[in-house]
1. Given the options ASP412, ASP439, name the one that is open to solvent by 50 Å² or more (accessible area, probe 1.4 Å) and at pLDDT below 95.
2. Before we move on, is GLU192 among the acidic types (Asp, Glu), farther than 15 Å from GLU253 by Cα, at pLDDT 95 or above and surrounded by fewer than 22 Cβ atoms within 10 Å (Cβ to Cβ)?
3. Regarding segment 39-62, can at least one residue be identified that is assigned to a helix (DSSP H, G or I), away from the ligand (no atom under 16 Å from the Cβ) and closer than 30 Å to PHE296 by Cα?
4. Does segment 22-35 contain at least one residue that is in contact with a strand residue (DSSP E or B) (Cβ under 8 Å, 6 or more places away or on another chain) and either surrounded by 15 or more Cβ atoms within 10 Å (Cβ to Cβ) or modelled with pLDDT of 95 or more (or both)?
5. Can you tell which of ALA356, ALA377 is open to solvent by less than 20 Å² (accessible area, probe 1.4 Å) and more than 13 Å from the ligand (Cβ to nearest atom)?
6. Can you pull out the residues in segment 1-34 that are more than 15 Å from the ligand (Cβ to nearest atom), in a loop (DSSP other than H, G, I, E, B) and touching a Cys at 6+ places or on another chain (Cβ under 9 Å)?
7. When the residues of segment 160-207 are filtered to those that are basic (Lys, Arg) and without any contact (Cβ under 8 Å) to a residue 60 or more places away in the chain, which remaining residue is nearest to TYR148 (Cα to Cα)?
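The values are calculated or read from the model by the stated rules, or taken from the named source; none is laboratory data. This structure is a prediction, so every number in the text was calculated from the model and none was measured. Positions of Cβ are generated from backbone atoms using ideal geometry, with glycine treated the same way; all protein chains shown enter the neighbour counts. The area values use the complete protein model at the heavy-atom level, side chains included, leaving out ligands, DNA and RNA. Shrake-Rupley method; radii C 1.70, N 1.55, O 1.52, S 1.80 Å.
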Amino acid sequence: MSSYKFPHNFKWGSATSAHQIEGGNNNDWSEWEVSKLRVESLKLKGLNPNDFTSGKACDSYNKYQEDFDIAKSLNQNIHRFSIEWSRIEPEEGRFNEKEMQHYIDVVKSLRDRGIEPMITLWHFTNPVWFANKGGFLNKKSPEYFTRYVKYVVSNLQDKVGLWITFNEATTVYSSLSYLKGFWPPQHRNILEWRRVNKNIIRSHIQAYKAIKKIYNHSPANLESFEVEPRDRATSHNVVPRSDLFYGSGTGVEVGITENCSFNPSGNNLYERIIGKIYNYYRNLYLLSKAFPYYDFIGLNYYHIDRKSPGSYKAVPKQDWNMEYMNWEIYPKGIWHVLNQLKKFRKPIYITENGTADAKDIVREKYIKEHLRWVWEAIQNGIEVRGYLYWSLLDNFEWAHGFTPRFGLVEVDYKILERHIRPSAFEYGKICLANQLEVD
Ligand code: BGC
């Protein structure tokens, strides 16, 4: 049996996003889900459109306390979730105080359980009014986005120390929505893809500066907020209170999350060039363009990606494919990616890593093998501050609907009941011990 101990203030948790779990959203995605184009195309494939309509999802908008009780019972001390822009600003310039209060309650309820909130401000969905203006194609999009961000952050500044502006905006979102045409608004236009990327980067930088300004004007009094540091006295030191918030003295850190894959390339010149270009756009583009305007990197890592036959010489084909998603799983890839990101000299949170696995056969192994390589990266001097499994709950997996089941917790969508999967308890043991044990 080998033990891998993590740094004493390492954070352990899980992640979700609003549209995937809350239910009852009204945004560009919910409109697309029921659009004629979408429904007809699902029917043509013999699929039931109801399985691809977010609807009530997990009803976490109402059941969040129950969800956080589970996270706490599993020894998690950080939780990443997203705020749904379309709830906060359902019409242009009209902010909904009731919905803002809802998210204040959500944050409070995490804090009451000793779980630190990490908030994503944008996770793939847009208010309908914003989408009708062209979304991030609109040159004023950075202004619209920053106005929303300012409203949210001013309302939560004394309660939240970790913000993420965008989730996977220039890899997954812009390419699926503007290049490949799979996601709303289903465009296929390389010039639009470039424009969206540029506007998202401008939006991030403006929002980053705006958030910093809010906290600089009135530094957050986070100390006054009741946070119970996790008592891990049995296995290592208790987290000192001051370690719960990092950096700047203003009590805030603002990051950006990107989906990176491990992209081994072949060795002939052509394959190396293709590999380099792909790897740049996949892993480095956003972080290079947004640099230095982020305090941490949120890394979402799921799989190895192959763009050339020669890659199989570098890394043999793995005999491990993710259920339904068909992604080739290669845990050491997370170590390669972490090493690639080292050059940005920013702390890193693993903001997503997980597998669809309805029967919970390989989830424990998936988590442990990835953690083993995260640990290795930490030994190489890379500052990884936390690991957040995707996802706390089974949820609405975008264009794939409800079939893929990523949750530590199984959701029975008919009666909205939660059942903790066995792997979640195994992950809970690691969280509590701050240490991975492997036979
Ligand atoms: C996204 C999540 C998604 C997960 C699994 C990530 O790309 O941020 O929203 O559910 O991958 O596909």
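1. Working: ASP412 fails: at pLDDT below 95.
The conditions single out ASP439.
2. yes
3. Yes, segment 39-62 contains at least one residue that is assigned to a helix (DSSP H, G or I), away from the ligand (no atom under 16 Å from the Cβ) and closer than 30 Å to PHE296 by Cα.
4. Within segment 22-35, the first condition is being in contact with a strand residue (DSSP E or B) (Cβ under 8 Å, 6 or more places away or on another chain), and the residues that meet it are none.
Taking every residue of segment 22-35 in turn, none turns out to be in contact with a strand residue (DSSP E or B) (Cβ under 8 Å, 6 or more places away or on another chain) and either surrounded by 15 or more Cβ atoms within 10 Å (Cβ to Cβ) or modelled with pLDDT of 95 or more (or both).
5. On the way: ALA356 fails: more than 13 Å from the ligand (Cβ to nearest atom).
Being open to solvent by less than 20 Å² (accessible area, probe 1.4 Å) and more than 13 Å from the ligand (Cβ to nearest atom) holds for just one of ALA356, ALA377, which is ALA377.
6. Scanning segment 1-34 gives a single hit, GLY23.
7. Checked segment 160-207; the qualifying residue nearest to TYR148 (Cα to Cα) is LYS198.
Matching residues to (1) among the hydroxyl-bearing types (Ser, Thr, Tyr); (2) over 21 Å from the mean Cα position of the chain (by Cα); (3) away from the ligand (no atom under 16 Å from the Cβ):
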residue	(1), (2), (3)
VAL106	no, no, yes
GLU116	no, no, yes
TRP122	no, no, no
ASN138	no, yes, yes
ASN155	no, yes, yes
